[in-house]
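**Student:** Got a structure for you, questions after.
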Amino acid sequence: MSTFVQEIMETAKMTSALRVLVVEDEPDIAALIAYQLTREGFRVETAGSGPEALDAVGREVPDLVVLDRMLPGLSGDEVLVRLKSEPATMNVPVLLLTAKREQEDRIEGLELGADDYLTKPFSPRELVLRAQAILRRVHEAGTTEGGRILRAGPIRLHVESHRTSLDGEELTLTPTEFRLLQALMERRGRTQSRTQLLEKAWSVESGVSDRIRTRTVDMHVRRLRSKLGPVGEWIQTVRGFGYRLKVPEGLE
Ligand code: CA
């Protein structure tokens, strides 16, 4: 793995490689870009059309999108606009590939929210350097939403930036509520005891009586539920044991 990816991963305490989504309908170009990025240690996924790109992003938010402007289905510009309008993806950096040489088109792409652009034809090496420069910039600015985003239905939890949103609306959670929600989302579907939740969301205090432990966890779960509105019901009480986050089928 390249020093670049390793360095970013270490400082961001990331456990998996930086992920790049390459959106390009010309298979040869897509393969070439993917090959070069993989060699540099990136985890690469490719999409051959606009809708495919949005599907891929919906499954897992990448750390960077390399986006061709001329695509079937939805144009690159339209994909860009959608990415920038969704809270979960608005901070994902985008490197735009453009075949047009006109200055105007380049500026248009940047105005739509792209972080940089590259005019075709370009060398794969140049693309890697640009990608690294963008990621370094984003990383240094500390605004990266990369790393991990947990999602459950309309809930998005950005692990690194400690932000949570519900249906795109920012949720204001206390640090404890945030960690509690994170613990529930990380083990969704599985029941966790109050002790397990305490260990995750609070620094464990030994000597805490069962009664206080129960009261503390229960109180925070109650507050978290009310902040989540109707979705709060997804945090289920498992009598005599603890809690679990149960996402209704079809809303995953
Ligand atoms: Ca194209």
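The values are calculated or read from the model by the stated rules, or taken from the named source; none is laboratory data. Note that the coordinates shown come from a computational prediction; the quantities given were computed from them, not determined experimentally. Heads up, the Cβs are rebuilt from the backbone with ideal geometry, glycines too, and the neighbour counts pull from every protein chain shown. For the accessible areas, the whole protein counts, side chains as well, though only heavy atoms, and no ligand, DNA or RNA atoms are used. Shrake-Rupley method; radii C 1.70, N 1.55, O 1.52, S 1.80 Å.
**Student:** Local charge sum around Arg244 (other residues, Cβ-Cβ under 9 Å, Lys/Arg +1, Asp/Glu -1)?
**Tutor:** +4
**Student:** For Val231, what charge total do you get from the other residues with a beta carbon under 10 Å from its beta carbon, if Lys and Arg give +1 and Asp and Glu give -1?
**Tutor:** Computed value for this residue: 0.
**Student:** Just read off the accessible area of Ile29 with the full protein assembly in place, 1.4 Å probe, to the nearest 10 Å².
**Tutor:** 50
**Student:** Another question about this same structure. About the Cα centre of the range 146-245, how large is the charge dipole given +1 on each Lys and Arg Cβ and -1 on each Asp and Glu Cβ? Please answer in debye to the nearest 20.
**Tutor:** The dipole magnitude comes to about 300 debye.
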